[in-house]
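Read-outs throughout are calculated quantities, based only on the coordinates presented, and are distinct from any laboratory measurement. Note that this is a predicted model, so its numbers are computed, not measured. Every residue, glycine as well, gets a Cβ built from its backbone with ideal geometry; the counts of neighbours run over all protein chains shown.
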Ligand code: HEC
C-alpha cells in the first residue's frame, strides 16, 4: 500500500515543472492582493476603462448571456400590438440610457461607465432570446437593471418585439409610434 503511495509521490515530485508553477501561482495571487488592497485601481465612473478591462468585461458578459439564453423559447414577436406596447416600455424606461431615433443625448447617460450602448446600433448583435435574458436579468456591475423584478415575461417580450424594429426605424416612424402610444406607459396600473 505504502509503495503505491510512495511511487505516486515520486512521480509527482519528479516532474520538475510543478514547483515553478506553484511559485508562479502563489506569486500572482500575492501581486493581485497587493493591487487590490493598495487602492490604486480607480473605481470612479468618470475614469475611462482600459481597453483590456473593457474587452475582459464585455467578452465575459457576451459569453454569459449566450450560455444562459440558449434554451429560451421565443414567442411570436411580429405583432403590431406587442411592438406598440414594447415602445411604451422603451420610451418610459430605456431612452434615458439607450437613446432613440431623434434622442441623441441625456444627462444620466453621460455620467455612466460603461456607457450604455446606443441600442438602435447594437440590437442586431443579439438574438431575441439573448435580448430577453439581458432585459429580464440585467448586467451586474453596470447600470443595466434587471427589469424582471418589476415586469413579467409577457412585458419583456413586448420590449424585445419593439427592439427588433428599432435598427431600421427613422425619426419620423419613432415619432408616429410616440403619437399612437399616447401617454400610456405600457403597464397595467
Ligand atoms: C440606468 C441606465 C440604463 C437603463 C435605464 C437601461 N439600461 Fe440597458 N444597459 C445599460 C448599460 C450600462 C449597458 C451595458 C452593459 C455592459 O456593458 O455589459 C446596458 C446594456 C443593455 C443591452 C445589451 C446591449 C449591447 O449591445 O450590449 C440591452 C439589450 C439593454 N441594455 C436593454 C435595455 C432596455 C430594454 C431597457 C429599458 C427597459 C434598458 N436597457 C434600460 C444601462 C441601462
Three-way shape call for the stretch 66-136 based on the alpha-carbon gyration tensor, with the a/c threshold at 1.5: oblate
Distance in nm between pseudo-label sites at residue 49 and residue 118 (7 Å out along the Cβ direction from Cα): 1.9 nm
Net length gained if the chain between residue 6 and residue 40 were fully extended (0.36 nm per residue, minus Cα distance): 7.5 nm
Sequence-separation-based contact order of the chain, relative, with Cα cut under 8 Å and 6+ spacing, percent: 26 percent
Extension reserve of the residue 78-residue 140 stretch, reckoned as 0.36 nm per residue once the Cα distance is removed: 19.3 nm
Two-site FRET efficiency, residue 92 against residue 15, from Cβ-Cβ distance with R₀ of 41 Å, rounded to 0.05: 0.10
Potential extension, residue 32-residue 179 segment - 0.36 nm per residue separation minus Cα distance: 47.5 nm
Rounded if a/c under 1.5, otherwise prolate or oblate - the chain, Cα gyration tensor axes: prolate
Where labels lie 7 Å past Cα in the beta-carbon direction, separation of residue 57 and residue 152 in nm: 3.5 nm
